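The values are calculated or read from the model by the stated rules, or taken from the named source; none is laboratory data. What you see is a predicted model; the values in this text were computed from it and never measured. No Cβ is skipped: glycine too gets one built from the backbone with ideal geometry, and neighbour counts run over all protein chains shown.
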Ligand code: ASP
């Protein structure tokens, strides 16, 4: 892709940046050598589409004016949440099995070691902002369901319908297709005829039930923040909470090291504490790219003992405090990408497929 760069090219290009480059000593106990600051400020998102680009540009506007990583991350996450066409995050996200959109989000500030999150939040379009409020205005980390909604309303977030027509029709299609043993769908004698109708052509089977966004940023002070926000696994059981609002699973940020976020099958990410693991790998001296791949390997190794053929689908992103990048996925036919914005402009960064499942 014209606008994308590989991991190696990114490092070479930014190392060559020369004038803006700073040398910082490694923090005590990090196990790292002195390293160049490759790029700062910096903002990335796992969304590599046009909305991801818009989000990066908006976050960048804040960073370049000297704004905080927390503000930049919130702004960028909100842009993705508010895109009605995106069926995996915020407004327009696919609903649970009952047709109700339940959102999960987390926020973490690496400077203050603060975190906030919401889970199963209904009727609020920007759960990332509610998670930020939990982080900054409560002594708690995670609010769920009606409690999270009450909290959001108390702070003036308007209650709104999150189920778009597009998402509702996809959900109805899923209900009709889900089982031959229930009574949803056309009468038996008309089933095959109905499948030729435009309704079925316009809303084909859903192949991917996952989708989330991670936003990670470093501001010009070197402070790091991150957010993970999602409508979660589509058609999930009412009340299911994924990895996105679980600090250490869907997101982890540490000013002294870097940040990491996860998308994909949340159940694996929760059990492996994947984002915390990635940040700890970086603390031990691994690059963000290696840390992403290490975390995927860790998950594969664990399942191998019980089912060698099971390769869950996850995508991990990470940044180091030096501005290095990492992105890797398990499975898939195309290399994963993420959106990156630095003083060199916007680009799509190509990650690796760490494991090809069967
Ligand atoms: N990780 C999210 C969840 O399990 C979904 C996704 O990223 O696709 O809820």
Next on the checklist: Against the definition (in contact with a strand residue (DSSP E or B) (Cβ under 7 Å, 6 or more places away or on another chain) and touching a residue at least 24 places away in the same chain (Cβ under 8 Å)), how does residue 327 come out, yes or no?
Outcome noted: yes
Checklist outcome for this item: Of the residues in region 92-109, those that are touching a helix residue (DSSP H, G or I) at 6+ places or on another chain (Cβ under 8 Å) and more than 19 Å from residue 151 (Cβ to Cβ) come to 92, 93, 94, 95, 99
Next on the checklist: So if I check each of 89, 130, 73, 118, which one is closer than 19 Å to residue 349 by Cβ, in contact with a helix residue (DSSP H, G or I) (Cβ under 7 Å, 6 or more places away or on another chain), buried (at least 24 other Cβ atoms within 10 Å of the Cβ) and touching a residue at least 24 places away in the same chain (Cβ under 8 Å)?
Outcome noted: 73
Checklist entry - Of these, 152, 217, which one is under 30 Å from residue 288 (Cβ atoms), away from the ligand (no atom under 16 Å from the Cβ) and either crowded, with 20+ Cβ neighbours inside 10 Å or at pLDDT 95 or above (or both)? => result 217
Checklist entry - Looking only at residues in region 249-265 that are surrounded by fewer than 21 Cβ atoms within 10 Å (Cβ to Cβ) and more than 12 Å from the chain's Cα centre (by Cα), which one is farthest from residue 93 (Cα to Cα)? => result 256
Checklist entry - Can we say residue 174 is at pLDDT below 90 and in a helix (DSSP H, G or I)? => result yes
Next on the checklist: Can you tell me how many residues within region 255-273 are within 15 Å of the ligand (Cβ to nearest atom), assigned to a strand (DSSP E or B) and at pLDDT 95 or above?
Outcome noted: 4
Checklist entry - Can you find even one residue in region 279-294 that is within 16 Å of the ligand (Cβ to nearest atom), modelled with pLDDT of 95 or more and either out of contact with any strand residue (DSSP E or B) (no Cβ under 9 Å at 6 or more places or on another chain) or under 20 Å from residue 332 (Cα atoms) (or both)? => result yes
Item to check | Single unsatisfied condition, residue 226 versus (1) buried (at least 20 other Cβ atoms within 10 Å of the Cβ); (2) away from the ligand (no atom under 14 Å from the Cβ); (3) assigned to a helix (DSSP H, G or I) | outcome: (3)
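Per-residue answers, yes or no, for (1) closer than 15 Å to residue 59 by Cβ; (2) modelled with pLDDT under 95:
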| position | (1), (2) |
| --- | --- |
| 319 | yes, no |
| 326 | no, no |
| 331 | no, yes |
| 335 | no, yes |
| 341 | yes, no |
| 348 | no, no |
| 355 | no, yes |
| 358 | no, yes |
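Of the residues 252, 276, 311, 303, which single one is out of contact with any helix residue (DSSP H, G or I) (no Cβ under 9 Å at 6 or more places or on another chain), away from the ligand (no atom under 13 Å from the Cβ) and either outside any loop (DSSP other than H, G, I, E, B) or more than 23 Å from residue 130 (Cα to Cα) (or both)?
Step by step, each of 252, 276, 311, 303 is checked, and only 276 is out of contact with any helix residue (DSSP H, G or I) (no Cβ under 9 Å at 6 or more places or on another chain), away from the ligand (no atom under 13 Å from the Cβ) and either outside any loop (DSSP other than H, G, I, E, B) or more than 23 Å from residue 130 (Cα to Cα) (or both).
Return yes when residue 78 is away from the ligand (no atom under 15 Å from the Cβ), farther than 27 Å from residue 256 by Cβ and part of a loop (DSSP other than H, G, I, E, B) and no when it is not.
Details: away from the ligand (no atom under 15 Å from the Cβ): yes; farther than 27 Å from residue 256 by Cβ: yes; part of a loop (DSSP other than H, G, I, E, B): no.
Here the answer is no, as residue 78 does not meet what is asked.
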Checklist entry - Within region 229-244, can you find the residues that are more than 9 Å from the ligand (Cβ to nearest atom) and assigned to a loop (DSSP other than H, G, I, E, B)? => result 235, 237, 238, 239
